[in-house]
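Q: Just passing along the structure, written as structure tokens.
The values are calculated or read from the model by the stated rules, or taken from the named source; none is laboratory data. Only a predicted model underlies this, so the values are computations on that prediction, with no experimental measurement involved. Counting neighbours? That spans all protein chains shown, and the Cβs are built from the backbone with ideal geometry, glycine included. With ligands, DNA and RNA removed, areas are computed over all heavy atoms of the protein, side chains included. Shrake-Rupley method; radii C 1.70, N 1.55, O 1.52, S 1.80 Å.
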Amino acid sequence: MSIDREFEQIGNQVDRVLGSAENSIAKEYGELLKELRRLISDYYAKYSDAEGKLTYQEMAKYDRLQKMEKKLTKAIRDKTVTVAGHIRKGLREALTTAFERTQGAVEAKIGRKLRGVLKPETINAALQNPVSGLTLNRRLQARRADIILRIDETITQGLIKGESYRDMAARLKDELEKDTAKAYRIVRTEGHRVQEQGKKESLDYASNQGVKMKKIWRSSQDERVRDSHQHMDGVEVDYEEDFYNPHTGGRGPHPGAMGTAEDDINCRCVFTVEVVKVK
């Protein structure tokens, strides 16, 4: 009894959850850009020259630059903390959705209820599972420090060049767009991983309650599938066994958790199951 169609629907539902998180992130970054532009414009209005340019020399007077940087840093830190909250919320919902809908799909196939709940400690462990050696919290903290540094460098370079407010605002927009893309990448990479983890957590309960299954690796079957995953499409193993990728040496319970960056980062492969026997 294959559950391919049901798992495809689960993937679509998780995509909608992650898309909502991305929309919230985009809104926060839009508000941050407005705030940074407002702060910068105040200094241009007060201290720019007749040509509308603001110089480093002028801002170096009376600790103006340090005061401005302090305000910018606070605005960035406050907003990126909020963004991190949206990321965690989206991943938590993706994990829960995958777990609950997988449980429902298996119950419909076998015609009986299964016991199992997603415990808070399981959710936390899944969200914080290290990717490339960093937990989610560490990655979000590192990203926050990076954008603060890059905005600081952007402002300083613009002042040294004596840029106009318009040029400075454009540079800020460019930096924030880059950071938005990084936030999206975290949502999608981590979202894919927790989706597969949520399915596994649910299926573990089914396996422990007498449902015998096989796992099947499914690639996206398009031109974007990495070379080292093309041959994995259709690979079957007993549910309790790990998948193994001989091209990378990766081994793990599902796509996105193979233990190598080459396998896991930006992976879009999924797994499905076939119910073999019910005790």
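Q: As a check on your grasp of the helix formula, calculate [θ] at 222 nm for the chain: sum -39500 (n - 2.57) over DSSP H runs of n ≥ 4, divide by the residue count, round to the nearest 500.
A: On the way: 8 runs with 181 residues, N = 279.
It comes out at -22500 deg cm²/dmol, rounded to the nearest 500.
Q: Still on this model: Report the calculated FRET efficiency for Lys70 and Asp49 (r = Cβ-Cβ distance, R0 = 30 Å), to the nearest 0.05.
A: Efficiency for this residue pair is about 0.80.
Q: Residues with amide H under 5 Å of Gly250's amide H, sequence separation 5 or more or different chain, H placed in the peptide plane at 1.01 Å from N; which?
A: Hits under the 5 Å cutoff: Asn245.
Q: Quote the FRET efficiency, to the nearest 0.05, computed for Asp63 versus Asn23 with a Förster distance R0 of 45 Å and r equal to the Cβ-Cβ distance. Can you show the working numbers first?
A: Numbers: r = 39 Å, r/R0 = 0.87.
Efficiency, from the Cβ-Cβ distance: 0.70.
Q: Using a 10 angstrom cutoff on alpha carbons, build the Gaussian network for the chain and name the most mobile of Gln13, Gln221, Gln195.
A: Evaluated over the chain, the most mobile residue of the options is Gln221.
Q: Enumerate by residue number the chymotrypsin sites (Phe, Trp or Tyr not before Pro) in segment 18-48 meeting two conditions: DSSP loop (anything except H, G, I, E, B), and at most 12 other Cβ atoms within 10 Å of the site's Cβ. Please report the intermediate quantities before stating the final value.
A: Numbers: sites: Tyr29, Tyr43, Tyr44, Tyr47; in loops: none.
Here no chymotrypsin sites (Phe, Trp or Tyr not before Pro) fit, given the DSSP loop and packing criteria.
Q: Here's a follow-up. Roughly speaking, what is the centre-to-centre gap between segment 154-215 and segment 31-55 when only Cα atoms are used, to the nearest Å?
A: For segment 154-215 versus segment 31-55, the Cα centre distance is 30 Å.
Q: Let me ask something additional. Over segment 134-241, how many pairs of lysines fall under 30 Å by alpha carbon, counting only those 8 or more apart in sequence or from different chains?
A: Total qualifying Lys-Lys pairs in segment 134-241 comes to 12.
Q: Starting from the Cα of Glu240, step 7 Å along the direction of its Cβ; do the same at Asp15; then give the gap between the two resulting points in nm.
A: About 3.5 nm, to one decimal.
Q: Something else now. Once Rg and Dmax of the Cα atoms in Å is worked out from the coordinates, which option in (1) 23.9, 84; (2) 16.8, 48; (3) 17.6, 49 does it equal?
A: Computed from the coordinates, Rg and Dmax of the Cα atoms in Å corresponds to (1).
Q: Let me ask another. Placing one identical point scatterer on every Cα of segment 44-114 and ignoring solvent, what is log10 I(q)/I(0) from the Debye formula at q = 0.12, 0.14, 0.16, 0.19 Å⁻¹?
A: -0.59, -0.67, -0.75, -0.85
Q: Follow-up. Run the paramagnetic zone check for Asp222: 7 angstrom along Cα to Cβ, then residues of segment 1-27 with backbone nitrogen under 18 Å.
A: From segment 1-27, the list is 8-20.
Q: Looking at segment 162-235, which GluC sites (Glu not before Pro) are in a loop (DSSP not H, G, I, E or B) and have at most 16 other Cβ atoms within 10 Å?
A: Details: sites: Glu163, Glu175, Glu177, Glu190, Glu196, Glu201, Glu223; in loops: Glu163, Glu223.
Answer in residue order: Glu223.
Q: Where in the chain are the DSSP H helices whose alpha-carbon span along the long axis reaches 18 Å or more and whose Kyte-Doolittle mean is at least -0.5? Numbers along the way, then the final one.
A: On the way: long enough: 4-47 (64 Å, -0.79); 64-110 (69 Å, -0.56); 136-161 (37 Å, -0.30); 165-208 (63 Å, -1.36).
Qualifying helices: 136-161.
Q: Another question, then. Compute the relative contact order of the chain as a whole-number percentage, counting only Cα pairs closer than 8 Å that sit 6 or more residues apart in sequence. Can you show the working numbers first?
A: Numbers: 350 pairs, mean separation 67.4, N = 279.
So the answer I get is 24 percent.
Q: In addition: Per residue, how large is the accessible surface of segment 93-177? Use a 1.4 angstrom probe and give square angstrom. Write out the running numbers ahead of the final one.
A: Details: 4420 Å² over 85 residues.
That works out to 52 Å² for each residue.
Q: Given N residues in segment 163-279, what is Rg(Cα) / (2.2 N^0.38 Å)? Each step should come with its number before you reach the end.
A: Working: Rg = 19.2 Å, N = 117, 2.2 N^0.38 = 13.4 Å.
Relative to the 2.2 N^0.38 Å estimate, segment 163-279 comes out at 1.43.
Q: Tell me the GluC sites (Glu not before Pro) within segment 43-138 that lie in a loop according to DSSP and have at most 11 other beta-carbon atoms within 10 Å.
A: Glu51
Q: May I ask you to list the aspartates and glutamates whose Cα is less than 15 Å away from that of Lys119, ignoring any residue fewer than eight positions away on the same chain?
A: Partners within reach: Glu93, Glu100, Glu201, Asp204.
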